[in-house]
Structures are given as C-alpha cells and as structure tokens.
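What follows is a short report on a single structure.
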Amino acid sequence: MMEATKTIKCKLIGLTLRKKEILNREYDSFQHWLETGEDRGVYSAYKQDARWLYKKAKRMKGVPIRKDLIDIQRRDTKIAEYWARIRVKGVRGGVKVALAHQPFNFEEWDVCESLLVRRDGDFYLYVTVKKEVELREEYSSIIAVDIGARWVAVSVARHRSKPKFYGKRVRELRGKYFWLRRKLGRAKKLRAIKEIGHKERRLVNDELHKIAKDIVEEAERHNAIIAIGDLKGIRNKKKGRKANRKVNSMPSHKLKEYIRYKALERGILVVEVPEFNTSKQCSRCGSMRTERPSQGVFICSDCGYQVNADVNGAKNILKRAVGYMLTAGALVTKPEGERFIAHSPTSSIRRMP
Ligand SMILES: [Zn+2]
C-alpha cells in the first residue's frame, strides 16, 4: 500500500460581511501574534499548533489548522457542494464557510491539516488530504515524457511508434497574453495586467491538467509505467525559498506534479530518470557527437539520425528508464514477452510501514 497525499486549494465563497470580518479579525490577530507575541485574541489551538509545528513561525503564510479542527462536509447547497467549519476566537462553533467547486471527492480521502490563506482580500483553505492506494505491480509498457522543452511535453512509448506532442494551446495562450500585457503596459494599466495574469495562469493550469490526464489515461489503457526526466539541481536549497517558489510555479514543475498525483490515484508508478545530457545524446546510437542546427532539430554526427530535439530527449528518457529499472532490480523482464514487475516506488510515493 502506498500513501498518496495532495493539497486541494479551495476558495471560500459566498462569505457574508460578518463572516469575512470574523475571518479577517482572526487572521490579523494570528499574524500579529506571530510577529509580536502579543495576543489580541487568537483561537488558542492555533497558537499551540503554530508553536509546535514551526520554529520560524514568523514566516508562516496563513493560519495552520490541525486535522481535528477542520470539519468538511458535503451539504449540496446552492452555492457549494462542500462546506467547512473554521474555528475562531469568540464565536462558539466557529464560522461555516462554503468551498468553491472542486472536481474532487473529499469523502474518498482522509482530510489532514489545512492552511487558511488570505490573498488579495479573498480567503482560501488549502486542505491536505491523504489516501492509501494500491500500486500496480505488473506493467506491460513504459511511457517516457520529456517536459519543458520547446513543447510543454513530448511523450514516446513502447506500445506506439509515433511521438505525441503536448502544449500547442499553452503556447497560443502565452503568445496571446504576452501581447496583451505589452499593450496594457504601454497604456500603464497595471491593475488590468495583474488581472489578466491571474486569468492566464488559470487557463494554462487547465491545459496542464488536461495534458496530465491524457498521459495518465494512456498509461492506464496500456498498463504502462510513466517515466519522467528529473532535472536535478533545479530546485536549489542555497537559492532559497523565493527561487524555489518560482520553480514550484513553473508549468514544467506543475505538470510533473499533476502527472504524479493523477497516476498515483490510479495506482500507476511514476519513475524519475536522471535527465543529464538527454538533450545532447543521440537516442539511437548513444553518441555525444551531435548538433542542434536550430532549436528544434537534432542531428547525430555519427549515425546521421535526424529527429525533433524533444523527441530525442523523450527517447533517451525511455531508454534510461528501461536501463535504470533493470539495474535497480525494480523491473523484471519476463522471457514470455514484455512484462515488468515494479518493486521500488519513487520518492514521490512513500511506502506504508
Ligand atoms: Zn547517433
């Protein structure tokens, strides 16, 4: 059994003025207490948890709410399917808040700790959920995904000869919004720029979810492991939180996370393969004497192989995934055909005790 966890970000909607005021008060009091130590009225459990959970509590962005204090229930009302109860100082029973629609079934998961976040005057509840999943043990194919090059993703697979290209729509969106931003920038419409930024991010995210879904559904259909390149060092501890936050919000990083989540929910293994030189090495003969006459074209000087550069990258990931899993003993090829048995889960999956 594996443990899958994820964070669902729910906007609190339909807040009455009174509820908003109560939440603002609790939020401000909590932040004030973190910064100064002075208690203007903070729900006592929040203080205890903050002390216990974090040493550098001053940097906390939001109010952490522990498992037993959050109460999410399906109520199927007009404004929302799910409601949560948030405890606050001085209001018995707390405030009941509606969660914006989520294509998500809270009933199927264990709700763990949450974080109450305020952004641009709106409130969000980041709910961490957990579920035990049965990971498949035998696979009949591998899909290799090269993420974040010229295309958002390119995939190749053992069960098909043609590569798949993902991200046309993302590119169109980015082009469109790039020009829009420039136009607004000339007109010095800063607020509008911020707003279209939000909209762009939302639309791009939707596309990333679709791409991840397509990849994972294909893996499910063909009973395939998913191999993704792992850019080691991109998340750099020395660079600090700010740089890492930037990495976290990059489409390539997000897509990877979405693929992981969706695969894990279906019990499909995702392995990460070192991406070192995948763009320089020839995927046909292994030579490093290669060139890129233009960004999208890859040519091998040794065997003459000419191919789309991203496809070459994906093919290298596929090759390495097979090699890596054979040497790690994670994958066993049976003589009677291609049947793989996976034993070792990746870092994204934790083995249950
Ligand atoms: Zn070659």
- Taking segment 255-293 as the region of interest, how many residues are away from the ligand (no atom under 16 Å from the Cβ) and either surrounded by 17 or more Cβ atoms within 10 Å (Cβ to Cβ) or not assigned by TED's automatic domain parsing to the domain that holds SER155 (or both)? 16
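Can you find even one residue in segment 105-116 that is in contact (Cβ under 8 Å) with a residue 12 or more places away in the chain, of a type in the set (Val, Ile, Thr) and closer than 18 Å to ILE13 by Cβ? Full working, then the answer.
Looking only at segment 105-116, we keep the residues that are in contact (Cβ under 8 Å) with a residue 12 or more places away in the chain, and these are 106-116.
The next check asks that each one be of a type in the set (Val, Ile, Thr); those that pass are 111.
This time we only want the ones that are closer than 18 Å to ILE13 by Cβ, so: none.
Checked against the condition, which is being in contact (Cβ under 8 Å) with a residue 12 or more places away in the chain, of a type in the set (Val, Ile, Thr) and closer than 18 Å to ILE13 by Cβ, segment 105-116 yields no hits at all.
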- Would you confirm whether any residue within segment 183-192 is in a strand (DSSP E or B) and at pLDDT 90 or above? no
- Message: Considering only residues that are surrounded by 14 or more Cβ atoms within 10 Å (Cβ to Cβ), at negative phi and without any contact (Cβ under 8 Å) to a residue 60 or more places away in the chain, which ones fall in segment 85-104?
- Response: ARG85, ARG87
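Kindly indicate whether LYS334 is at pLDDT 50 or above and either assigned by TED's automatic domain parsing to the domain that holds ALA144 or more than 16 Å from the ligand (Cβ to nearest atom) (or both). Quick ask: steps written out before the conclusion?
Details: at pLDDT 50 or above: no; either assigned by TED's automatic domain parsing to the domain that holds ALA144 or more than 16 Å from the ligand (Cβ to nearest atom) (or both): yes.
Spelling it out, it is not the case that LYS334 is at pLDDT 50 or above and either assigned by TED's automatic domain parsing to the domain that holds ALA144 or more than 16 Å from the ligand (Cβ to nearest atom) (or both).
Might you let me know whether segment 101-110 holds any residue that is assigned to a strand (DSSP E or B) and touching a Lys or Arg at 6+ places or on another chain (Cβ under 9 Å)?
Of all residues in segment 101-110, those assigned to a strand (DSSP E or B) come to 110.
Then drop every residue that is not touching a Lys or Arg at 6+ places or on another chain (Cβ under 9 Å), which leaves 110.
Yes.
Can you give me the number of residues within segment 135-177 that are among the acidic types (Asp, Glu) and touching a helix residue (DSSP H, G or I) at 6+ places or on another chain (Cβ under 6 Å)? Break it down stepwise before answering.
Quick first cut of segment 135-177, residues among the acidic types (Asp, Glu) only: 137-138, 146, 172.
Of the ones still in play, those that are also touching a helix residue (DSSP H, G or I) at 6+ places or on another chain (Cβ under 6 Å) are 146.
Within segment 135-177, residues that are among the acidic types (Asp, Glu) and touching a helix residue (DSSP H, G or I) at 6+ places or on another chain (Cβ under 6 Å) number 1.
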- Message: Filter segment 109-134 down to the residues that are at pLDDT below 85 and either surrounded by 18 or more Cβ atoms within 10 Å (Cβ to Cβ) or out of contact with any Leu (no Cβ under 7 Å at 6 or more places or on another chain) (or both) and list them by number.
- Response: GLU134
- Query: Given the conditions (1) assigned by TED's automatic domain parsing to the domain that holds VAL271; (2) buried (at least 18 other Cβ atoms within 10 Å of the Cβ); (3) touching a Gly at 6+ places or on another chain (Cβ under 8 Å), which single one is not true for ARG150?
  - Reply: (2)
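The values are calculated or read from the model by the stated rules, or taken from the named source; none is laboratory data. Owing to the predicted nature of the structure, the values given are computational and were not obtained by experimental measurement. Using ideal geometry, Cβ is built from the backbone for each residue, glycine included, and neighbour counts are taken over all protein chains shown.
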